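Q: One structure is given below, represented as structure tokens, and several questions about it will come after.
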Amino acid sequence: MAQPMERASCPRLTLVVPCHNEEPVLPETAKRLLSLLDRLAQSSLIAKPSIFFVDDESSDGTWPLIESLAAEDARIHGIKLSRSSTRCIAERRMHNISTLKDQVAECQPHS
């Protein structure tokens with residue numbers, strides 16, 4: 001029978017979720033993703049999970065909601081893109097995260 005992995009040897013997992021006008025679905029998306037991360041961490045499959053919600057110029061309340069979710073849970077982080085930022089900047093930020101030997105996964109919000 002396989003032994004659970006030691007916490008120190010578990011891979012880190014970072015989910016990257018692009019968001020554009022996701023205010024109606026973001027609370028449920030965050031709830032489901034956090035539940036999934038909890039199950040994976042409790043099974044010793046991952047360690048130090050986190051979620052980055054990337055707001056891509058939403059015109060609704062997506063960004064304030066991301067800020068609120070991040071204030072409630074330390075595993076949630078937000079990146080806000082604006083017209084003056086470029087896709088290159090976002091890709092560079094994600095590259096910096098992924099070079100930390102994390103596992104980075106990109107997800108689409110549930111709509």
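The values are calculated or read from the model by the stated rules, or taken from the named source; none is laboratory data. It should be emphasised that the depicted structure is a prediction, and the values quoted were computed from it without experimental measurement. All Cβ positions, even for glycine, are placed from backbone atoms using ideal geometry, and neighbour counts span all protein chains on display.
Q: Quick check on my filter: what residues within region 60-99 are at pLDDT below 95 and of a type in the set (S, T, N, Q)?
A: Within region 60-99, 82, 84, 85, 86, 96, 98, 99 qualify.
Q: While we're looking at this one, here's another question. Is it the case that region 44-54 has a residue that's more than 20 Å from residue 80 (Cα to Cα), small (Gly, Ala, Ser) and either in contact (Cβ under 8 Å) with a residue 12 or more places away in the chain or not in a helix (DSSP H, G or I) (or both)?
A: yes
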